[in-house]
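Notes to accompany the following structure.
Taken together, the values in this text are just the output of simple stated rules run on the coordinates, not laboratory data. Remember, predicted model here, so these are calculated numbers, not experimental data. Neighbour counts are summed over all protein chains in view; Cβ atoms, including those assigned to glycine, are modelled from backbone coordinates with ideal geometry.
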Number of protein chains: 2
Amino acid sequence: MTYCVGLHLREGLVFLSDTRTNAGVDNISTFGKMQVEAVPHERVLVMLSAGNLAITQAVWSRLQEGVSLGGETLTLRSVPSMFRAAQLVGQAVREVYAADGPSLSAQGVGFDISLMLGGQIAGGPPRLFLVYAAGNFIEATADTPFLQIGEHKYGKPILDRAVGFDTPLIDGVKLVLISMDSTLRSNLTVGMPIDLLVYRTDSFGVALRRRITEEDPYFRAVSEGWSRALRNAYMALPRPDWLAEAGAGE
Amino acid sequence: MTYCVGLHLREGLVFLSDTRTNAGVDNISTFGKMQVEAVPHERVLVMLSAGNLAITQAVWSRLQEGVSLGGETLTLRSVPSMFRAAQLVGQAVREVYAADGPSLSAQGVGFDISLMLGGQIAGGPPRLFLVYAAGNFIEATADTPFLQIGEHKYGKPILDRAVGFDTPLIDGVKLVLISMDSTLRSNLTVGMPIDLLVYRTDSFGVALRRRITEEDPYFRAVSEGWSRALRNAYMALPRPDWLAEAGAGE
């Protein structure tokens, strides 16, 4: 399994992905799930992947070699817009399905892939997409400024409560780390290290790209500080009147 | 779907369940999922249920009519111990499977049920069990003093971080309400009102049983107070050094 999250904020984009790949619980490996294409002063594109590793790697390899879209062979370095980039990724997924889908199906293996694609290309705004196994896609908007792929449930409550389009970028970084930490604690198939990338709107360069290990002092401070803050927070909540009335609150 | 959670604390047991039952997103009803059998000064047993409503209701009806276990016909009012009560519930599940399983299977419907059973019978300690569709069961221990059935993922992080066997009963009530609130926010198939029951160790009586509606002032205070506390908590976390270094933190 995998957990990847992307934020689409006014100030920029934040991406975070884990690195655990497993084929059964006794076959665990580390594979980065974040791919970046950047042309300084012109474009930054980030792709996060979840699903069958053979499928996600095949999609990425095709994207690097060039995928035919509307009569042209394009890559993420040559597409003219983010919308076309999302179409290109969808097309790459469909090509892999055409090539490998029947054989996978014959072995009883599902075509399991979901991708997140975000970034900015000069001339347009930053955009963030979620591309499905069918090659179609949705886009994050100001109403719901985050997308998740993989094991998304454990890390969703904090995002539901705290992330808005106007959340500052720095708070976005904290929030995705908290969301990841909650997932790591609850699901063994999501594992450290994790990859973080921060992109500031209209910068056309990567502000920060960092692999965070279990020893990272800041991540440990977030994890421990968050647990402490939650304990303090629930203890500070008022007592229910009806509990005292029932004599159960002593 | 459903969300039910039970805590097994030194001071007692806490049970919380939602009331939404749905057959498709356009067919939603309210059904309590908490059943109680109490004999004053002698026993309190609480059963929470998730899964196919016809199956869970059939199990409860059989338990009330009496189920044969070891040559005797017993109910939850007559079993001599909590272990035997869990066996009795498992036996009722197996009887329903024997009666309805083949017909369900012929219609392509899975035998979907999971149950939580907790309480105390004079002569033994409080115990909390999770009974599976096969009729077998596990028990909460001091190491992991909570059990969940149904849509458990959204509400698990707060329990993982905050619940211990020595958590006071009053804090347990707050924590299950927070856990439920997180689930309600993220999953439409879990819905208000919710049913809360608190049992104090060695009391052999129900300390509190309350149906909490959306208008309940305390539940609203918990929900809003918790969102506010989370926002304050992540804002109070320190800024990462490496974000400032990268020039991304302004």
- Item | Where GluC sites (Glu not before Pro) fall in DSSP loop in region B:40-88, at most 13 other Cβ within 10 Å | B:Glu42
- Item | Kirkwood-based Rg to Rh ratio, region A:102-163, C-alpha trace | 1.09
- Quick one: Cα convex hull volume of the protein assembly as shown, Å³ per residue? 166
- Message: Nearest the rotation axis from A to B, which residue of chain A has its beta carbon, and at what whole-angstrom distance?
- Response: A:Lys153, 2
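At a temperature of 25 °C and a viscosity of 0.890 mPa s, determine how fast region B:8-148 diffuses translationally according to Stokes-Einstein, using the Kirkwood radius over alpha-carbon pairs as Rh; express D in µm²/s, rounded to the nearest whole number.
Details: Rh = 15.7 Å.
Estimated via Stokes-Einstein, D reaches 157 µm²/s.
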- Quantify how much of the Cα-Cα distance distribution of region A:116-229 extends past 20 Å, in percent. 47
- So how do A:Glu214, A:Glu151 line up by other beta-carbon neighbours within 10 Å, fewest first? A:Glu214, A:Glu151
- Task: Would you work out the charge dipole size for chain B about its Cα centre, treating the Cβ of every Lys and Arg as +1 and the Cβ of every Asp and Glu as -1, and quote it to the nearest 20 debye?
- Result: 280
- Item | Angle between chain B longest axis and helix B:53-65 axis [Cα atoms, degrees, rounded to 10] | 50
- Quick one: dipole size for region A:1-75, taken about the Cα centre, charges +1 on Lys/Arg Cβ and -1 on Asp/Glu Cβ, in debye to the nearest 20. 120
- region A:174-235 and region B:115-152 have their Cα centres apart by a whole-number Å value of 33
- Task: Could you run the Karplus curve 6.51 cos²θ - 1.76 cosθ + 1.60 with θ = phi - 60° over region A:82-89 and give me ³J(HN,Hα) per residue in whole Hz, x for Gly and Pro?
- Result: 5, 4, 5, 5, 5, 4, 5, 5
- Note on the structure: With the 8 Å Cα cutoff and a minimum separation of six or more residues, region A:3-214 has a relative contact order in percent of 31
- Rg/Rh over Cα atoms for chain B, Kirkwood Rh, comes to 1.04
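By average Cβ neighbour count within 10 Å, what is the ranking of B:13-26, B:229-242 from highest down?
Values: B:13-26: 19.4, B:229-242: 16.1.
Packing proxy ranking, top to bottom: B:13-26, B:229-242.
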- Query: How many Cβ atoms of partner chains, on average, are near each residue of A:158-171 if near means within 10 Å of its Cβ?
  - Reply: 4
- Message: Quick check on the exposure proxy: order A:Val131, A:Val93, B:Val109 from fewest to most C-beta atoms within 10 angstrom.
- Response: B:Val109, A:Val131, A:Val93
- Query: Given the C-alpha centroids of region A:3-17 and region B:1-74, what is the distance between them in whole angstrom?
  - Reply: 41
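Would you work out the charge dipole size for the protein assembly as shown about its Cα centre, treating the Cβ of every Lys and Arg as +1 and the Cβ of every Asp and Glu as -1, and quote it to the nearest 20 debye?
Working: 44 positive and 52 negative charges, 35 e Å.
Its charge dipole is roughly 160 debye.
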- So which chymotrypsin sites (Phe, Trp or Tyr not before Pro) in region B:113-178 end up in coil per DSSP with only 15 or fewer other C-beta atoms within 10 Å? B:Tyr132
- Task: Would you tell me the mean number of C-beta atoms belonging to other protein chains that fall within 10 Å of each C-beta in B:216-229, as a whole number?
- Result: 3
- Averaging over all projection directions, find the projected area of the Cα convex hull of region B:1-52 and quote it in nm² with one decimal place. 4.3
